[in-house]
Amino acid sequence: MSAFRNNSQTGNNRQAALRLAGQVAHAFIDSKLTPLIIVAALLLGAFAILQTPREEEPQIVVPMLDVFVQMPGASAQEVAQRVSLPMEKLLREVPGVEYIYSISHPGMSTLVVRFYVGTKEEDAI
């Protein structure tokens, strides 16, 4: 027997062989209401976009703190080991800290402390 179906099947047999998604797709292919439904969906989408409230520049407060520590005459590795790493550990204990970034240069360490969104600036300082 052939793996292909006989072309003489009736429409009802073909409908019975389709599952739910196939039946829905077949109904939309044959329906004259499909273009109307598509246009209605596009109009509703455009209406929703126009009615959605938005702000030009939302006011999101993300407090950040820059810490500069000088260590004249020290190499970048020495600054990292003696200043940056201990300062990172110390600053992680401050409540509300989300991330700490540090950069070690010869003779200087720069740490950027970023707090969670919504943390009051007074609490961050």
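Structure summary
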| quantity | calculated |
| --- | --- |
| Cα-projected label distance for R82 with D123, points at 7 Å along beta-carbon direction, nm | 3.7 |
| Segment Y99-Q23, extension gain: residue separation times 0.36 nm, minus the distance between their alpha carbons | 22.1 nm |
| Using alpha-carbon coordinates, inclination of helix 20-30 to the longest axis of the chain, degrees | 70 |
| Matching label, mean projected area of the Cα convex hull in nm² computed from the structure shown, candidates (i) 19.2; (ii) 7.4; (iii) 10.3 | (i) |
| MRE, 222 nm, helices only [DSSP H, n ≥ 4, -39500 (n - 2.57), over the chain, to nearest 500] | -11500 deg cm²/dmol |
| Helix axis angle, 34-51 relative to the chain longest principal axis, alpha carbon, degrees | 20 |
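Any read-out appearing in this document is the output of simple, stated calculations on the displayed coordinates, not a laboratory observation. These numbers come from a predicted model, not from an experiment. Methodologically, a virtual Cβ is constructed for each residue, glycine included, from the backbone with ideal geometry; neighbour enumeration extends over all protein chains shown.
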